[in-house]
1. Among 77, 59, which is the only one that is modelled with pLDDT under 95, surrounded by 11 or more Cβ atoms within 10 Å (Cβ to Cβ) and either touching a strand residue (DSSP E or B) at 6+ places or on another chain (Cβ under 8 Å) or among the polar types (S, T, N, Q) (or both)?
2. Counting just the residues of region 13-49 that are in contact with an Asp or Glu (Cβ under 7 Å, 6 or more places away or on another chain) and β-branched (Val, Ile, Thr), which one comes out modelled with the highest pLDDT?
3. Return the only residue of 78, 28 being among the polar types (S, T, N, Q) and under 30 Å from residue 122 (Cα atoms).
4. Report, by residue number, each residue of region 90-112 that is in contact (Cβ under 8 Å) with a residue 12 or more places away in the chain and either part of a loop (DSSP other than H, G, I, E, B) or among the aliphatic types (A, V, I, L, M) (or both).
5. Scan (1) under 19 Å from the mean Cα position of the chain (by Cα); (2) modelled with pLDDT of 50 or more; (3) surrounded by 15 or more Cβ atoms within 10 Å (Cβ to Cβ) for the single condition residue 10 breaks and write down its number.
Amino acid sequence: MTTESTPTTWATDTAGDATLTDLLATWQSWSHDNVNRRAGLPLVAGAAGPLDALEAGAELARLLTGWRWQAMRDAREQGRSWADIGAALGVTREGARQIYLEAIRRQEQHVPDHHPTAAARAVAVAGAEES
């Protein structure tokens with residue numbers, strides 16, 4: 001990994017994003033070293049520092065949050081209710097629906113030519129009043 005003063009770089013996929021495996025490995029490298037340090041055990045040479053871990057964690061969260069709407073859409077297309085989706089996310093059914101609609105709005109705003117607006121909105125509308 002890198003030192004705290006050197007920018008972290010990860011392997012990237014074909015879209016130029018850091019791979020989930022590398023991001024998670026950075027987080028785990030710091031975590032294991034942190035456990036060793038707190039237990040008075042030898043530190044691992046070259047382990048990621050806390051800022052590397054925070055950066056990797058932030059990128060993981062950004063990527064997963066960005067992809068979440070796609071899993072939500074697939075769940076709706078497979079007949080799952082907003083209540084089911086909300087339960088999986090730890091929010092209410094209306095909270096889940098709002099998360100989805102906000103993600104669709106961002107897609108329409110930032111990548112309008114690559115976003116199937118009608119299909120994405122259709123799963124939000126279908127059964128919106130369900131319990």
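1. 59
2. 26
3. Residue meeting the stated conditions: 78.
4. 96, 99, 101, 103, 104
5. (2)
The values are calculated or read from the model by the stated rules, or taken from the named source; none is laboratory data. None of these values were measured; they are calculated from a predicted model. Every residue, glycine as well, gets a Cβ built from its backbone with ideal geometry; the counts of neighbours run over all protein chains shown.
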